[in-house]
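Here the structure is laid out as structure tokens; the discussion comes afterwards.
The values are calculated or read from the model by the stated rules, or taken from the named source; none is laboratory data. Computed from a prediction, not measured in an experiment: that's the story for all the values here. Every residue, glycine among them, receives a Cβ derived from its backbone with ideal geometry; neighbour counts consider all protein chains shown. Please note that ligands, DNA and RNA were not included when accessible areas were found on the heavy atoms of the full protein model with its side chains. Shrake-Rupley method; radii C 1.70, N 1.55, O 1.52, S 1.80 Å.
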Amino acid sequence: MVDIKSMTPEELTAWLKELGEPAFRARQVFQWLYRGVTSFAEMTDLPKALRQKLEETALLTPPQVARKQVSREDGTIKYLWRLADGNCVESVLMRYQHGNTVCISCQVGCRMGCAFCASTLAGKVRDLTPAEMADQVLFTRIDSGAPVSNIVLMGIGEPLDNFDTVLRFLTLVNHPDGLNIGMRHISLSTCGLTEKIDKLAGYGLQLTLSVSLHAPDDETRNRIMPVNRSVGVEKLLESCRRYFEMTGRRISYEYAMIDGVNDAPWQADLLARRLQGAPAHVNLIPLNEVEESPFRPSRRVAAFQRRLEEHGITATVRRKLGSDIDASCGQLRRKAMGEA
Ligand code: SAH
């Protein structure tokens, strides 16, 4: 079976041409797919024979809602999706004044091994497909009835470890006949795979790159993020600087505040020093507690923020949404795995 929903419109056109179909059919099929039909029978303006042919040769496997939690405080919705092969991933719908944002996953699990993160505890099972990524946005919108204007790739998995899929996903959601979401409304978060950051820079996309830094010194970063052991903070920040030079886009640095690990005044000073020279924005994240992890949330978030600002670095503290539905990133999937 062919995964036509992961094809770009051009690829779909070529594929349908081989079946003897004119180009305008591809546009019709693509539009139907990204309107969220769940069967080929719903593609009512296609000839019956073509619908039949698609049913026999093409995949159409929308995710099922395995669990859904709605926050009474702020309307945040967490979805646990069951994919066609039985694996599950999470997405979160967050409501902001400037529009609704969907946070999506790009892999089933993760192999990066960050010590504070729930998504990586059981390793990576597999990469998602472009369609499985786009479907999280599409079916969050359909199920919730909420319009979606922004996407963040900050759910389960490492986007740059699934590079080609993520690029294709960006094409699909960006396309006017797809989800029609502008690049400037998309953020991609990475633990810092430098070669892939350099590769991404070459595409000159206008998305926002978020780099999960979490520590300004190698000793600390090596300890909490194994990915740092082969590269180091200095090389990572060099690659970030190149990224800015090539794309003109300011980089956002994520910094989860962990008690007694990365929240000392000297670390704020070092962070500020290392970020000089290119526009940067630091996003301080109150740590979400993960049961299996020894780390606790920092009590020094405000002081750390002040200290960065004294050095001229813009820093904001991420607002916590949906705290009444607990289960930070990756935890819903883990809970479901535990009960299965
Ligand atoms: N793999 C990508 C994207 C997924 S994680 C990355 O590393 O950026 C999205 C963000 O949540 C990352 O900044 C990650 O470090 C952070 N995160 C993971 N576990 C967390 C926790 N327990 N508390 C706060 N932030 C966490």
Among A280, A58, A115, which one moves the most in a GNM of the chain with springs linking Cα atoms closer than 10 Å? A58
Within the chain, which is the longest segment containing none of the GluC sites (Glu not before Pro) that sit in a DSSP loop and have at most 13 other Cβ atoms within 10 Å? 74-290
Give the long-range amide H neighbours of I258: residues separated by 5 or more places, or on another chain, with amide H under 5 Å away, using H modelled in the peptide plane at 1.01 Å from N. D263, S298
Quick one: accessible surface of D45, probe radius 1.4 Å, all protein chains present, in square angstrom to the nearest 10. 80
Enter the angle in degrees (range 0 to 90, nearest 10) between the Cα long axis of helix 130-144 and the first principal axis of the Cα atoms of the chain, meaning the one along which they spread out most. 90
Just the accessible area per residue of the range 10-140, please: how many Å² with a 1.4 Å probe? 45
Under 5 Å between amide hydrogens, which residues at least 5 positions from V282 or on another chain qualify, with H placed 1.01 Å from N in the peptide plane? Y253, T314, A315, T316
Cα-based helix-to-principal-axis angle, 23-33 vs the chain, degrees rounded to 10: 60
Counting only DSSP beta bridges with both residues in the chain, what percent are antiparallel, rounded to the nearest 5? 45
Which percent of Cα-Cα pairs in the range 187-340 sits in each 5 Å bin, short to long? 2, 9, 17, 20, 20, 15, 10, 5, 1, 0, 0
Any chance you could give the angle, 0 to 90 degrees and rounded to 10, that helix 233-247 forms with the longest Cα principal axis of the chain? 50
Calculated [θ] (222 nm, deg cm²/dmol) that DSSP helices of n ≥ 4 give over the chain, each run adding -39,500 (n - 2.57): -10500 deg cm²/dmol
Taking a ≥ b ≥ c as the square roots of the eigenvalues of the Cα gyration tensor of the chain, is the shape rounded (a/c under 1.5), prolate (a/b larger than b/c) or oblate? prolate
Just check the range 246-293 against the gyration tensor rule for me: Cα atoms, a ≥ b ≥ c as the square roots of the eigenvalues, rounded for a/c under 1.5, and otherwise prolate or oblate depending on whether a/b exceeds b/c. oblate
Which sequence of L287, L60 reflects their accessible areas, 1.4 Å probe, from the largest down? L60, L287
Packing-wise, with mean Cβ within 10 Å as the measure, how do 220-228, 263-271 rank, highest first? 220-228, 263-271
Taking square-rooted eigenvalues a ≥ b ≥ c of the alpha carbon gyration tensor, is the range 117-193 rounded, prolate or oblate, where a/c under 1.5 means rounded and, failing that, a/b exceeding b/c means prolate? prolate
Would you look at the GNM of the chain, springs on alpha carbons closer than 10 Å, and say which of G312, G322, G123 moves the most? G312
Over the chain, what percent of the accessible surface lies on carbon and sulfur atoms, probe 1.4 Å? 49
With unit charges on the beta carbon (Lys/Arg positive, Asp/Glu negative), name the residue among I325, A66, A336 whose Cα is farthest towards the positive pole of the charge dipole of the chain. I325
Heavy-atom accessible area per residue - the range 233-328, 1.4 Å, Å²: 50
Charged-residue dipole, Cβ positions (Lys, Arg, Asp, Glu), the range 263-306 about Cα centre, Debye nearest 20: 300
With +1 on each Lys and Arg Cβ and -1 on each Asp and Glu Cβ, and nothing else charged, work out how big the dipole of the chain is about its Cα centre, in Debye to the nearest 20. 460
Taking the Cα centre of the range 198-340 as origin, work out the dipole magnitude from +1 charges on Lys and Arg Cβ and -1 charges on Asp and Glu Cβ, in debye rounded to 20. 300
Here P(r) for the range 1-126, Cα-Cα distances in 5 Å bins, as whole percents, is 2, 9, 14, 17, 13, 14, 13, 9, 6, 2, 0
Determine the distance separating the Cα centre of the range 213-273 from the Cα centre of the range 20-76; give it in Å without decimals. 41
